[in-house]
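As C-alpha cells, the structure follows; a few thoughts come after it.
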Amino acid sequence: MPRPGDIISYLEMSMEEGINLQRGMNFRLRGKTSIILMSVRPGAPYADRIEENGKILIYEGHDIPNRKDGPNPKKVDQEMFTPSGSLTENGKFFEAAQKYKRGIQPAERVKVYEKLRDGIWVYNGIFKLVDAWLEESNARKVFKFRLELVNELIPEKKQDDELEHGRIIPSEVKLAVWKRDKGKCVICGSSENLHFDHIIPYSKGGSSLVAENIQLLCARHNLAKHDKIE
C-alpha cells in the first residue's frame, strides 16, 4: 500500500489496484474502494482543484464519451445516466454523496491518484466524499464533488508523519520540486521508490506550500530521515 506522497508509475499504480485504470472515475472498482484519477496540470481536461491548504479536493465530473458523429463532449451537459438508464460514474458518486448528506450511509471512501507527468503519478491518499452538486460552466452543467482528506497512518508512525500527511502538497509545488530535483533522490540519486518529503516537518513550522521545504527522497533515505526525527 503506497503512502501519501509516494511517486509511482502507471504500471505500479495498476498493479496496486489489480487492474489497468482506464477511467478517471471508478466507483467501488471490483466491488472494493472507489478510485479517482486527478490532474491540475496545465491543459488538464477537467477543472480539479485543491483547497484549504491541501485538506480539500474539489473534483470535476467527467464528460460523455467522444463518439463518432456525436456531439463535442465539452459542449454538452455531463450526464447522470447512460443511454440505457443506468447511472454513469458521475451518477454513482453523486448518489453516494447525497446518501451521506441525508445520513443514509457513511461517507464513501475514495483513493486519489494525481498525474504528475506522463507515466508518473503521486498517491494523494484516501478521501471522504462529503458533497456533490451540479454547476454551470461555459454554458453547460458539470458535476462537482467535494472530498476531505482522511488522515490514516499505521499506529507506530510518528506525529510528524501524521501532520504532514493530513494535507496534499499543491500540484505546482510537486512539479517544481520534480523539475528541480530532476526526478531523483537528493541524497543518492536513485530514481526508484521516490517520495515527496518535508525538509522541515509541518509540526515544526515547515510548510507544504513552498518548494523550498519539499524534496525528493528514495524510500531508504526517507525512512532513515524519519527514524532520526525526535
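The values are calculated or read from the model by the stated rules, or taken from the named source; none is laboratory data. Note that the coordinates shown come from a computational prediction; the quantities given were computed from them, not determined experimentally. Cβ: placed from backbone, ideal geometry, glycine included. Neighbour counts: every protein chain shown. Note: accessible area is taken over every heavy atom of the protein model, side chains too, but ligands, DNA and RNA are not part of it. Shrake-Rupley method; radii C 1.70, N 1.55, O 1.52, S 1.80 Å.
When residues of the stretch 128-172 are filtered for being at pLDDT below 95 and open to solvent by less than 40 Å² (accessible area, probe 1.4 Å), how many remain?
13
Determine whether N124 is open to solvent by less than 70 Å² (accessible area, probe 1.4 Å) and either closer than 30 Å to G183 by Cα or touching a Leu at 6+ places or on another chain (Cβ under 6 Å) (or both). Give the derivation first.
Details: open to solvent by less than 70 Å² (accessible area, probe 1.4 Å): yes; either closer than 30 Å to G183 by Cα or touching a Leu at 6+ places or on another chain (Cβ under 6 Å) (or both): yes.
Criteria met by N124.
Among the residues of the stretch 23-32, what is the count of those that are without any contact (Cβ under 8 Å) to a residue 60 or more places away in the chain, over 13 Å from Y113 (Cβ atoms) and not basic (K, R)?
Residues meeting the conditions: 1.
Among the residues of the stretch 41-100, write down those that are under 21 Å from S137 (Cβ atoms), of a type in the set (S, T, Y) and open to solvent by 30 Å² or more (accessible area, probe 1.4 Å).
Selection gives Y46 alone.
Can you list residue pairs whose Cβ atoms sit under 9 Å apart, with the first residue in the stretch 33-46 being assigned to a loop (DSSP other than H, G, I, E, B) and the second being of a type in the set (S, T, N, Q) and modelled with pLDDT under 90? Count only pairs 6 or more apart in sequence or on different chains.
From residues that are assigned to a loop (DSSP other than H, G, I, E, B), the pairs are S39/S171; V40/S171; R41/S171.
Tell me which residues, restricted to the stretch 166-193, are within 15 Å of the chain's Cα centre (by Cα) and assigned to a loop (DSSP other than H, G, I, E, B). So that I can check it myself, show each step before the final result.
Taking the stretch 166-193 first, the residues within 15 Å of the chain's Cα centre (by Cα) are 166-175.
Once the filter is applied, which keeps residues that are within 15 Å of the chain's Cα centre (by Cα) and assigned to a loop (DSSP other than H, G, I, E, B), the stretch 166-193 yields G166, R167, I168, I169, P170.
Inspect the stretch 83-90 for any residue being under 17 Å from D48 (Cα atoms), part of a strand (DSSP E or B) and among the aliphatic types (A, V, I, L, M) and give the result as yes or no.
No, the stretch 83-90 contains no residue that is under 17 Å from D48 (Cα atoms), part of a strand (DSSP E or B) and among the aliphatic types (A, V, I, L, M).
Cβ-Cβ under 6 Å, sequence separation 6+ or interchain: first residue in the stretch 168-197 and closer than 20 Å to L209 by Cα, partner in a loop (DSSP other than H, G, I, E, B) and open to solvent by 60 Å² or more (accessible area, probe 1.4 Å). Which pairs?
Between residues of the stretch 168-197 that are closer than 20 Å to L209 by Cα and residues that are in a loop (DSSP other than H, G, I, E, B) and open to solvent by 60 Å² or more (accessible area, probe 1.4 Å), the close pairs are G183/S191.
Of the conditions (1) at pLDDT 90 or above; (2) part of a helix (DSSP H, G or I), N53 clears all except one; give me its number.
Only one criterion is unmet by N53, namely (1).
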